[in-house]
Structures are given as structure tokens and as C-alpha cells.
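Here's the structure we're looking at; comments come further down.
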Amino acid sequence: MGPIENILEDKGHKLYIAAPDDAVVAAVEAMCVARIGALLVMDGQVLCGIFCERDLMTRVVLARRDPSTTRLRDVMTRDVACIAPDLAVRDAMGIMTERRVSHLPVADHGRLIGLISIGDLVRWTTEDNTHQIADGHHQIEDLTDYVTGRYPG
């Protein structure tokens, strides 16, 4: 598997950001428009949290909070794990599993450069395995051709 940077090169480095004082309803609207599952909550250049679908469901809907008056600072996840762009995909999956999160911000020397989701990792892993299987089949065909005398070289 390739590093996280390969995933970001494929999907892009666009960051979707909200401010801590934004209303939950505005954040949900932004997430729906962008078709994403999480927003980075930034206070200027500082990452102070992440707001995701799970936060919405557990801290807003189940808590019966009004999304038009509730601020992200009151319902966001504060303890955010950031990963480096050279981290292996397998290691990122381990962090997501251990921390029970579905999104990880990617930072390069303290500067946010992207956000990956569990869907990104699964898609990358599936594509990587598909390529490996196809390469393996091709190698088997080449070896079979060589052994049976059909190899063109």
C-alpha cells in the first residue's frame, strides 16, 4: 500500500472548514452541499476540532439540541488525531480502528494539507489489491507461456 499522500494526490487536497461559532445547521448544510461526512473546525489557522455525522447524531439529535442555535464548539470532537502524509495506509486504518473515527486530518509539518475518510482508505486498498491481483495473473500467464514454449522472447 502507498502512503496517504498518494490518496490525497488522487482525491485532492481541498479542505472543508467551519468555525467554532458556526451553527450546527450551517455546518450540516455545508456537508450536504459538498457531499462529505466531516468538517474541520478551525479557529483561524488552528485546528480545534472536527464535526462529523456521528457528532450530529449523538451530540445534537439524541441530545435534542436545536441545530439552529447550537454552536459547533459545543458538539465537535475536540481530541483530533492528525496523521502525516507519509504514513502507510495500513497504519491510518489502525488509528481509525483504535480511535473509532472515520476521518483523519493530514498535516505536513504542522500545516493541514487534507482530510481522509475510511471510505478513501477502503477504496485505495481495494484498488491496490485489484492491481496486485491483475499483476499476479499477468505474471502467471507469462511464466506459463515461458514454460510451455509460447513466450515470445
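The values are calculated or read from the model by the stated rules, or taken from the named source; none is laboratory data. Please read all numbers here as calculations on a predicted model, not as lab measurements. Positions of Cβ are generated from backbone atoms using ideal geometry, with glycine treated the same way; all protein chains shown enter the neighbour counts. Only protein heavy atoms, including side chains, enter the accessible area calculation; ligands, DNA and RNA are left aside. Shrake-Rupley method; radii C 1.70, N 1.55, O 1.52, S 1.80 Å.
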| task | State whether the residues of region 65-79 include one that is β-branched (V, I, T), surrounded by 12 or more Cβ atoms within 10 Å (Cβ to Cβ), part of a loop (DSSP other than H, G, I, E, B) and in contact with a helix residue (DSSP H, G or I) (Cβ under 8 Å, 6 or more places away or on another chain). | result | yes
Of the residues in region 97-112 that are within 19 Å of R35 (Cα to Cα) and in a strand (DSSP E or B), the one that is most open to solvent (accessible area, probe 1.4 Å) is H103
Of those in region 4-30 that are touching a Leu at 6+ places or on another chain (Cβ under 6 Å) and buried (at least 17 other Cβ atoms within 10 Å of the Cβ), the residue nearest to V106 (Cα to Cα) is I4
Taking region 48-76 and keeping residues of a type in the set (D, E, K, R) and under 12 Å from P20 (Cβ atoms) leaves R71, R73, D74
The residue that is nearest to V24 (Cα to Cα), considering only those in region 41-55 that are open to solvent by 40 Å² or more (accessible area, probe 1.4 Å) and part of a helix (DSSP H, G or I), is E53
Going by the structure shown, is R59 assigned to a helix (DSSP H, G or I) and at pLDDT 95 or above? yes
Of the residues in region 113-153 that are at pLDDT 85 or above and among the small types (G, A, S), the one that is least open to solvent (accessible area, probe 1.4 Å) is G114
Going through region 81-96 in order, the residues found to be in a helix (DSSP H, G or I) and of a type in the set (V, I, T) are V89, I95
Yes or no: L87 in contact with a strand residue (DSSP E or B) (Cβ under 8 Å, 6 or more places away or on another chain), open to solvent by less than 90 Å² (accessible area, probe 1.4 Å) and modelled with pLDDT of 95 or more? no
